[in-house]
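Okay, structure first, notes after.
The values are calculated or read from the model by the stated rules, or taken from the named source; none is laboratory data. Being a predicted model, the structure only gives us computed values, none of them experimental. Neighbour counts run over all protein chains shown; Cβ positions are idealised from the backbone, glycine included.
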Amino acid sequence: MGVDTKGFVLTPVKDALLITGLAAGALDSLIREEAKLEFPGAGPRDDASKKRFGEVEARMRPDSDMVQLRFTFKGETRQLSMFFRCDCDHSEYGSRSIGFSLGLHGESELFVTAVAHSLSMLGQAWVDRSDSDDIGPLRLAEAPLTVVGAVALGYTNVLCLERWLSVASLHGMDAAATETLMGLPAEKLKDVESLSYEQLKALVDSVPVPSPDFLEEYHQRIFAQSSRPTAIR
């Protein structure tokens, strides 16, 4: 068996489409950042860029309650698997969970951390850099993301705000828990269903969302790599 980088989030929410959308959005954000660095000024349909970087394609596997997220990063095809029926795997941490894994090489820890962060609005997020060592999973150091934060970071669309309110209602969240999930006070949430796209966008833009530390560290690292002088052979 291969060695994997794994993560999981403790949550009773198992909405596969919403959760897959968040995870794919987080991965796509990282892919676009690296593509812009390697191909500055190139459009998304540039042939050279497309061969090196391909956005996420999701494949649902209802027979096994899983989703496979395939993407291309630096010319290599990667596949991150998400598991929606894995509660027993993480029972020592919580009763309900969603798990995900990616082969341990390249930027596997970054990708798994990004997915964990994107889902951290739903519950505690954990990352295990290697499932073959004795360290075990570590709780994500970042503050939990909010729905507004996910929109600001490009992980999901502003039109999903109403759907996330439905998720909060379905799972019996009280007003305080709903505010925490959404990242907006109750007086602003009550009008979400009646707002236009432009009004929703303005609402999200009015909330400051700092870039996560792991993204800042990644940006600094790739900038340092791009700034290194190329050796003359």
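Scanning the range 175-228 for residues that are under 21 Å from Tyr155 (Cβ atoms), part of a helix (DSSP H, G or I) and among the hydroxyl-bearing types (Ser, Thr, Tyr) yields a total of 4. Of the residues Val147, Val167, Val151, Val204, the single one that is in contact with a Phe, Trp or Tyr (Cβ under 8 Å, 6 or more places away or on another chain), in contact (Cβ under 8 Å) with a residue 12 or more places away in the chain and surrounded by 17 or more Cβ atoms within 10 Å (Cβ to Cβ) is Val147.
Here the range 35-61 is the region considered, the condition is being part of a strand (DSSP E or B) and under 19 Å from the mean Cα position of the chain (by Cα), and the residue that is surrounded by the most Cβ atoms within 10 Å (Cβ to Cβ) is Phe53.
Conditions (1) farther than 14 Å from Phe84 by Cβ; (2) at pLDDT 90 or above, marked per residue:
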| residue | (1), (2) |
| --- | --- |
| Asp4 | yes, yes |
| Asp15 | no, yes |
| Leu18 | no, yes |
| Ala23 | no, yes |
| Leu27 | yes, yes |
| Arg45 | yes, no |
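Being over 24 Å from Lys14 (Cα atoms) and either buried (at least 19 other Cβ atoms within 10 Å of the Cβ) or not assigned by TED's automatic domain parsing to the domain that holds Thr156 (or both) holds for only one residue in Ser95, Ser64, Ser132, Ser120, and it is Ser132. Here the condition is being over 28 Å from Lys201 (Cα atoms), within 13 Å of the chain's Cα centre (by Cα) and not in a helix (DSSP H, G or I); of Leu80, Leu102, Leu110, Leu145, it holds for Leu80 alone.
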